[in-house]
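Structure first, then comments.
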Amino acid sequence: MAKPKTPAIQPDWISKTLAGALLGFALAVAISGLFAWWGPGGIGAPDKVQFNMWAISLYWMTVWSLVYLFRTGLRAWLVLGSATTAAHVALFITPQILGAA
Amino acid sequence: MRADIIKTYKTLHTWTGLIAGMALFICFFAGAMTMFKGTLDRWAKPPGAQAQWVAGDQWLLLMQKTLAAHPEAAKGFTLHLQPSENIGAPLVWDANPERSRFDPQAPWGATLDEQGELVTAPFSTSPMANLVDMLHQTAGIPGDGHHLFGVYVMGAIGVVYALALVSGLVVLLPTLVKDFLALRRGKNLKRFWLDAHNVIGLTSLPFHLMIALTVIVFAFHDFLYDALSLTTYKERPLFEMHEHHDRGGKPWQAISCLHRRCWLTCNKPLRILFPGKCSIWGR
């Protein structure tokens, strides 16, 4: 039998769960914020805040429930941490790009 | 799919399912009963003398006399056009409008006697239907602040529940086609129960996902709004400020509104909410 190419994923319950809870939430807020700016109607669309608020739970739970697919907790923190940072940087500079600061 | 993924998600599914399931059992059961909240409320009312109801041509008189005798009712009252077991009088107002959601109601009722004289009295309501609703929202966990404490707990349970749903789907994915709608009653009774679990779980998955995600929002919307405000909307207001409607309506406006709206369509109007811009509610 051939050895599996990739090593088996480690459970790392605590670190992965914390990554899903904390980084997952921060990433979900950033995704929702980016959609608020770039999505249909832009930041000023009436009542769009409702969609954006409700959708956070969807983004958050998607990230959190898939975080256990990372091979280790450390990788989960590194990858999700980078993604979260990148998303928040993008969200931060979006008003300047759109000239709406 | 790789065995290590299945193993991880099976563990996740077992424990999240066990933890969430116990609290959700209470909330689901009470929630199903809450669908019949109005009926329960009527059922729980002990039989007794039904208050005198008023005919359609006396609604205006009843409203005017009540407002003259009890000006505090102008803050808001409900005129029930049809009698019902759980309603003590046709015109009902809350004598303690400053109460929080958790204080007991202090309903007063007004009606007209045969001579057309105003009769007002406090009446009691059965707490049962409300208790079932509270069980649905909190699983019976006591305590309240700005929100009920039990609602926060159930919000956290909603998170665990969402994890249980996705992990269950991941575990089932490799054998989904083979196992779906199969209900094998062989020697192994565990197989039978697992098949039943799978077919019920998968067919109701969209509803369960909707419940899990909305519970999280019901519990934590304040924090979600704050996070969006902090990161995205900044000084932009989250809610559009509408100019306040003139809430000082007159009883005759409610009547004329009722007639206008119900001329052809509603043959059985049930409630007028006052003050308000022509809000006629069915039950």
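The values are calculated or read from the model by the stated rules, or taken from the named source; none is laboratory data. What you see is a predicted model, and the numbers here were worked out from it, not measured in a lab. Positions of Cβ are generated from backbone atoms using ideal geometry, with glycine treated the same way; all protein chains shown enter the neighbour counts.
Provide a single number: the residues in region B:171-183 that are loosely packed, with under 14 Cβ neighbours inside 10 Å, over 16 Å from B:LYS10 (Cα atoms) and not basic (Lys, Arg).
Result for region B:171-183: 5.
Hey, can you tell me all the residues within region A:16-30 that are more than 20 Å from A:PHE51 (Cβ to Cβ) and surrounded by fewer than 24 Cβ atoms within 10 Å (Cβ to Cβ)?
Those that are more than 20 Å from A:PHE51 (Cβ to Cβ) and surrounded by fewer than 24 Cβ atoms within 10 Å (Cβ to Cβ): A:THR17, A:LEU18, A:ALA21, A:LEU22, A:LEU23.
Given the options B:GLY155, B:GLY145, B:GLY186, B:GLY140, name the one that is surrounded by fewer than 21 Cβ atoms within 10 Å (Cβ to Cβ), away from chain A (no Cβ under 14 Å), in contact (Cβ under 8 Å) with a residue 60 or more places away in the chain and not acidic (Asp, Glu).
B:GLY140
Find the residue count for region A:47-69, including only residues that are polar (S, T, N, Q) and within 24 Å of B:LYS10 (Cβ to Cβ).
Of the residues in region A:47-69, 2 are polar (S, T, N, Q) and within 24 Å of B:LYS10 (Cβ to Cβ).
From the list B:LEU135, B:LEU112, which one is surrounded by 17 or more Cβ atoms within 10 Å (Cβ to Cβ) and in the same structural domain as B:ALA55 (by TED's automatic domain parsing)?
B:LEU112
Consider region B:189-229. How many of its residues are among the aromatic types (Phe, Trp, Tyr) and away from chain A (no Cβ under 12 Å)?
Pass one, region B:189-229, residues among the aromatic types (Phe, Trp, Tyr): B:192-193, B:207, B:218, B:220, B:223, B:225.
Filter once more, so that each one left must be away from chain A (no Cβ under 12 Å): B:192-193, B:207.
Final tally of qualifying residues: 3.
Which fully enclosed helices (runs of 4 or more DSSP H) of region A:13-91 have 3 or more residues being touching a residue at least 12 places away in the same chain (Cβ under 8 Å), within 8 Å of chain B (Cβ to nearest Cβ) and in contact with a helix residue (DSSP H, G or I) (Cβ under 6 Å, 6 or more places away or on another chain)?
It comes to A:24-38, A:48-66.
Taking the condition surrounded by fewer than 17 Cβ atoms within 10 Å (Cβ to Cβ) and charged (D, E, K, R), does B:LYS65 pass?
No.
Before we move on, is B:VAL171 over 30 Å from B:ILE200 (Cα atoms) and not in a loop (DSSP other than H, G, I, E, B)?
Against the criterion (over 30 Å from B:ILE200 (Cα atoms) and not in a loop (DSSP other than H, G, I, E, B)), B:VAL171 does not qualify.
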